[in-house]
Structure formats: structure tokens, C-alpha cells
Amino acid sequence: MKIRIASLLAALTVGATSLLAQEFSAISSGNPLDGLERLKNFESRRASSSDPDWKNGNNDSRPIPPGGTLTLAELEGPGVITHFWCTIAHDAPFYSRLMTLRIYWDGEEHPSVECPIGDFFGIGNGVDQSFTSLPLRVTSNGRARNCYWPMPFRKSARITVSNDSDQRCHAFYYYLDWQKHESLPGDTAYFHAMYRQEYPCVMGRNYLLADIVGRGHYVGTIQSVYLVSPGWYGEGDDFSFIDGATEPQLRGTGTEDYFCNGWGFEQQSGPFYGTPLWEGYDTGDRGTAYRFHIPDPVTFTKSLRVEIEHKGSQTFPDGTFDGFIERDDLMSSVALWYQTEPHKPWPPLPPGPERLPFHERTLAVGWKAVPDAKHSAAPLEVQPVGGVTDNKQLWFRPTDANAWVEVPFTVDTNLTAQLWVKLLHSWDYGIYRVKLDGRELATLDLLNADAAPQTHKLGFHTLAAGPHTLRFECVGKNDKSKGYYFGFDALTARIPVYSRPASKDLRDLQVKTK
């Protein structure tokens with residue numbers, strides 16, 4: 001039943017009366033495949049990254065240099081893009097926030113789709129993460145992205161992707177499947193997707209999701225957050241002001257309520273709503289939630305303004321608690337809608353690096369640390385392995401639990417940051433305790449059916465300038481593991497682009513805005 005709604009949306013978008021009749025017939029019969037056998041009145045087309053020498057070659061991707069732009073397709077209408085798939089090989093961490101998708105309809109100067117490619121496909125903050133919804137599906141551990149929003153155009157469509165990082169995109173693979181029509185009905189509306197961010201959210205005003213002028217219908221919100229302090233960010237209500245109204249006709253009861261969840265967030269996904277990324281309630285945790293208004297589009301004839309409060313809870317250093325207070329988290333979003341006439345100009349898109357909620361620094365690289373590392377009596381060497389820094393890692397091969405390895409590193413300036421460690425997990429790896437300068441940070445079970453690196457959060461820490469020691473101690477192994485091996489790739493620090501001064505708390509900021 002739910003699958004048919006996507007076809008209904010496509011039919012409503014292009015105004016195909018006969019197709020609507022088929023879809024309603026399918027719903028009434030209960031068979032989602034009803035109508036598939038009926039002949040279609042369009043030509044099937046595709047633009048892809050296929051090797052131009054398709055008979056002999058397999059060079060089926062396109063590179064994009066730092067700062068470069070790749071044109072995926074220039075299509076002649078009338079037509080409807082029905083499916084967009086891509087997968088990317090890129091060395092830059094958080095590359096999906098650093099690559100920009102733009103789509104121009106009918107020769108317009110300013111794109112109607114302009115947002116980081118990861119956010120467009122439903123996951124913010126540059127994270128690769130799989131999930132399933134009706135118009136979007138991401139698989140292959142977040143690396144295979146699919147979009148099924150119907151995107152019609154009368155005269156032309158130009159689709160580009162820009163690499164706004166300082167590293168080369170080695171390969172961009174893509175399919176753009178579309179239908180060539182003889183004509184589109186007069187009430188056909190154009191698809192729009194606009195990204196915006198506030199780092200941090202501005203105290204004293206709601207976060208703006210969309211500010212639209214024209215006629216159309218709003219079909220979705222993708223919202224991402226990076227927590228500046230511990231607590232719950234999602235007590236804020238959503239408001240929709242339709243056609244210039246001074247009071248919102250649509251009023252919500254809380255952020256998790258707008259995104260159709262309740263009592264907070266957990267990682268989950270579904271056809272119309274989900275939280276495909278949710279790391280928790282601590283400083284530095286990230287989340288992305290989506291709400292697709294497919295059964296319930298928000299219609300407007302002149303304008304639409306959609307806002308959401310950035311309010312939540314906070315426990316203060318003196319032990320007091322406030323459950324409904326403005327928060328200064330780092331927020332970003334994508335608004336999705338259809339409208340008939342050209343959209344009004346949008347604010348400039350922030351440069352690629354400014355879209356990240358933190359700057360990442362590498363403090364130690366495993367394979368480079370092998371000559372200086374101290375360890376117990378077991379082999380320690382550099383091992384070639386995929387998916388890690390320079391495709392090499394520090395490889396430690398003890399035969400029992402009485403094993404340890406220490407990696408020295410130096411910080412050139414005082415540093416307060418969230419620390420992350422990237423370790424290999426495999427079928428013969430052990431359980432290891434992680435210590436920094438003698439302080440225990442985590443205990444990690446490195447068992448995995450296949451050899452694959454994973455990144456683990458170690459919390460926020462202040463490191464003084466000078467030498468430090470990262471120590472890994474074997475404390476046993478999973479019963480299913482065949483050994484006690486250990487593989488270390490890197491220790492990184494994520495430094496938030498905004499951090500509230502230590503002398504301030506949210507109560508100070510509330511007073512100053514009133």
C-alpha cells in the first residue's frame with residue numbers, strides 16, 4: 001500500500017489522469033503490482049557514468065578534482081527524473097558534506113536543488129549510514145545512495161556535483177533514470193531541495209527550515225544536529241505560516257513529535273519518518289531526523305514559512321535542571337518542496353569546510369607509530385589493509401591476553417576535543433582496554449565476521465601541549481573469536497567550530513536576548 005503512494009505522488013506531480021486511475025485501481029485491489037502490465041506513454045532514458053567505450057572498457061566512473069565540478073547530465077524535456085543512484089570513492093573524511101549537488105530546471109540561473117550530497121540523500125554531518133525510507137534508500141554501509149523523488153522539467157535539466165574539499169574525489173558513479181514525455185500538464189510543479197545551517201542556533205529566534213514564495217506543496221524536512229552540550233535538544237515546536245499568516249496554521253508539540261517519534265530519539269527508519277543517525281545525548285553527539293509529507297503535503301498558494309524552536313533540557317554545573325530552555329546547538333537542514341514558478345533567490349551556500357560542525361585533526365597514525373611503539377612480547381609490524389590510512393595499519397599479534405602496546409604522540413598546542421580511535425575488527429581479534437596517559441577511556445570488543453575498520457568515540461578531553469601515551473591492553477577475547485590480534489589505524493580529535501565559553505551557560509545567553 002505504502003509503495004503505491006510514491007507512484008501517486010509522481011502521478012499528482014505530472015498530472016497524469018490515466019496513471020492516477022491505474023494507481024487507485026491497484027490500491028482498491030490490494031495488489032501493489034496492479035497496472036504494471038499496462039503500456040506506458042513515455043520513452044525510458046538514462047544518463048550514467050558508463051565508460052564511453054562501453055563495448056571494451058570498464059572505466060565506469062568520473063573523478064572530480066579538488067574545487068572541480070562534474071556535470072552529470074544535460075537533459076532535454078519534457079521529462080521526469082524518476083531515480084538517481086550514486087556511489088563515491090573519496091579520501092576526505094566527511095566527504096558527503098563536502099560535495100554539493102545542484103539541479104537547474106529549464107535553464108534557470110539559480111539551482112532549484114542545492115545542498116550537500118549526503119544531506120540530500122537523508123544523512124547529515126558527513127556521515128555514511130544506511131537506512132530505508134519511501135523516497136530515499138541508502139545501503140552498502142552508507143555508500144550507495146538512491147533517490148526516488150519524481151523531478152519533472154519542461155525544457156531542460158542540468159545536474160552537477162562539485163567537490164568542495166581539498167582532496168580528490170577518485171570516483172563518482174551514477175545513474176539518472178528519467179522518462180521522456182511528449183508534454184507535461186500545466187499544473188506540473190518543480191522539485192526543490194534547499195540546505196541551510198546555523199552554527200550555532202541564534203538565541204532569541206526560531207530556526208528557519210523554509211521561507212518560500214510561490215504556489216506549491218511542502219513534502220519534507222531533513223534536520224541534523226551536533227550537540228554543543230549534554231542534554232536533549234528536541235523540545236522545540238514546529239510552526240508553519242501559510243500564505244502570509246501572522247499566526248501559524250500548523251503548530252507542533254515538540255521536535256520528536258514533528259518527526260513522528262516520542263519521548264526522545266533512537267536510531268530507526270521507515271517510509272515517512274526516521275532518525276537514521278542518532279549517537280545520543282552527550283556533547284559532540286550527532287543526529288539526523290527526517291519527516292516526509294507524502295501522505296500529508298503542506299499546500300500553499302502564495303508563500304510558506306516553516307520554523308522550529310531549538311529548545312530542550314540542560315543540567316547546569318550547580319546541579320540545577322531546566323527542561324525547556326533555548327539551546328545553542330549546531331543545526332542544519334534540507335527543506336523539500338514542489339512549486340510552480342521560479343523560486344526566490346536563496347542565501348549563498350556555505351563553503352564546504354564551513355558545513356562541518358567540527359574540524360578534525362589526526363593525532364597519531366598507527367603504521368607510522370610502529371618504530372616508536374612499545375609492546376609486550378608479541379610480533380608488531382606494519383600490515384597492508386584496505387579502508388585505513390594509506391592502506392596500512394599497526395598490526396599486533398599476541399597469542400594470549402597478557403599483551404599490551406603503547407603508542408606515543410605529541411600535541412603541539414593545548415587542545416580540548418572529542419577523541420575518536422579507529423581500529424580494525426576481525427574474526428581473530430581480541431578485547432582491548434584503551435587508556436590515555438593512564439586514564440581508562442573504553443573497553444572494546446574487536447570481533448567481527450569480516451575484517452573491517454570501525455571508529456569509536458572516546459569522549460571529550462583536554463590535552464596539554466607535549467607528549468602523550470595511548471595504551472591498548474588485551475583483557476581477553478570474545479568466545480567466538482579465534483585469537484587476540486589487534487590493529488590500530490588512527491587517533492583523531494574533533495574540535496567543534498563553536499564552543500560556548502566556560503564562563504557562560506545557557507542561562508546567561510537567555511538573559512542577554514531578552
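In segment 112-129, which residue that is free of Cβ contacts under 8 Å to residues at least 40 places away in the same chain and either out of contact with any Cys (no Cβ under 8 Å at 6 or more places or on another chain) or not assigned by TED's automatic domain parsing to the domain that holds G79 (or both) is farthest from R196 (Cα to Cα)?
From segment 112-129, those free of Cβ contacts under 8 Å to residues at least 40 places away in the same chain are 118, 121, 128; that's our starting set.
Retained after the next criterion (residues that are either out of contact with any Cys (no Cβ under 8 Å at 6 or more places or on another chain) or not assigned by TED's automatic domain parsing to the domain that holds G79 (or both)): 118, 128.
Details: G118: 14, D128: 20 Å.
Looking at residues that are free of Cβ contacts under 8 Å to residues at least 40 places away in the same chain and either out of contact with any Cys (no Cβ under 8 Å at 6 or more places or on another chain) or not assigned by TED's automatic domain parsing to the domain that holds G79 (or both), I get D128.
So for segment 479-495 (the condition being polar (S, T, N, Q), out of contact with any Pro (no Cβ under 6 Å at 6 or more places or on another chain) and within 20 Å of R397 (Cβ to Cβ)), does at least one residue qualify? Scanning segment 479-495 turns up at least one residue that is polar (S, T, N, Q), out of contact with any Pro (no Cβ under 6 Å at 6 or more places or on another chain) and within 20 Å of R397 (Cβ to Cβ).
State whether the residues of segment 279-287 include one that is touching a Lys or Arg at 6+ places or on another chain (Cβ under 6 Å), touching a residue at least 12 places away in the same chain (Cβ under 8 Å) and not assigned by TED's automatic domain parsing to the domain that holds Q129. Scanning segment 279-287 turns up at least one residue that is touching a Lys or Arg at 6+ places or on another chain (Cβ under 6 Å), touching a residue at least 12 places away in the same chain (Cβ under 8 Å) and not assigned by TED's automatic domain parsing to the domain that holds Q129. Mind checking which residues of segment 413-442 are touching a residue at least 40 places away in the same chain (Cβ under 8 Å), not in a strand (DSSP E or B) and not charged (D, E, K, R)? Correct list: T413, N414, W427, G430.
Can you find even one residue in segment 482-489 that is surrounded by fewer than 21 Cβ atoms within 10 Å (Cβ to Cβ), modelled with pLDDT of 95 or more and under 18 Å from L446 (Cβ atoms)? The answer is yes; a qualifying residue exists.
Report the residue count in segment 310-366 for those that are polar (S, T, N, Q), assigned to a loop (DSSP other than H, G, I, E, B) and surrounded by 21 or more Cβ atoms within 10 Å (Cβ to Cβ).
The total comes to 0.
If you go through segment 289-305 one residue at a time, do you hit one that is part of a loop (DSSP other than H, G, I, E, B), in contact with a strand residue (DSSP E or B) (Cβ under 6 Å, 6 or more places away or on another chain) and either assigned by TED's automatic domain parsing to the domain that holds T69 or over 26 Å from S133 (Cα atoms) (or both)? Within segment 289-305 (the criterion being part of a loop (DSSP other than H, G, I, E, B), in contact with a strand residue (DSSP E or B) (Cβ under 6 Å, 6 or more places away or on another chain) and either assigned by TED's automatic domain parsing to the domain that holds T69 or over 26 Å from S133 (Cα atoms) (or both)), the answer is no, since none of the residues qualifies. Looking only at residues of segment 254-288 that are part of a loop (DSSP other than H, G, I, E, B) and closer than 21 Å to D211 by Cα, we find that the one that is nearest to the chain's Cα centre (by Cα) is F259. Among the residues making up segment 79-124, a single one is of a type in the set (D, E, K, R), over 16 Å from the mean Cα position of the chain (by Cα) and either more than 20 Å from H343 (Cβ to Cβ) or assigned to a helix (DSSP H, G or I) (or both): D91. So in segment 55-89, with the set limited to residues that are without any contact (Cβ under 8 Å) to a residue 24 or more places away in the chain and polar (S, T, N, Q), which one is surrounded by the fewest Cβ atoms within 10 Å (Cβ to Cβ)? Filtering first and then ranking leaves N56.
If the condition is being exposed (fewer than 15 other Cβ atoms within 10 Å of the Cβ) and within 20 Å of E473 (Cα to Cα), then segment 367-387 contributes P371, D372, K374, A377, P379, E381. Among the residues making up segment 134-187, those that are assigned to a strand (DSSP E or B), buried (at least 18 other Cβ atoms within 10 Å of the Cβ) and of a type in the set (A, V, I, L, M, F, W, C) are L136, V138, C147, M151, F153, A157, I159, V161, C169, F172, L176, W178. Can you work out which of the residues in segment 388-432 that are buried (at least 22 other Cβ atoms within 10 Å of the Cβ), among the aromatic types (F, W, Y) and within 32 Å of the chain's Cα centre (by Cα) is farthest from T443 (Cα to Cα)? Among them, the one singled out is Y429. Residues that are β-branched (V, I, T) and either over 30 Å from R500 (Cα atoms) or modelled with pLDDT of 95 or more (or both) within segment 414-448 comprise V421, I431, V434, T443, listed in sequence order.
When segment 358-412 is filtered for residues that are touching a residue at least 40 places away in the same chain (Cβ under 8 Å), charged (D, E, K, R), touching a Pro at 6+ places or on another chain (Cβ under 9 Å) and under 28 Å from A464 (Cα atoms), only E360 remains. Just one of the listed residues (I212, I222, I242) is among the β-branched types (V, I, T), farther than 30 Å from G126 by Cβ, out of contact with any Pro (no Cβ under 7 Å at 6 or more places or on another chain) and touching a residue at least 60 places away in the same chain (Cβ under 8 Å), namely I242.
The values are calculated or read from the model by the stated rules, or taken from the named source; none is laboratory data. Just so it is clear, the model here is predicted, and its values are computed rather than measured. Using ideal geometry, Cβ is built from the backbone for each residue, glycine included, and neighbour counts are taken over all protein chains shown.
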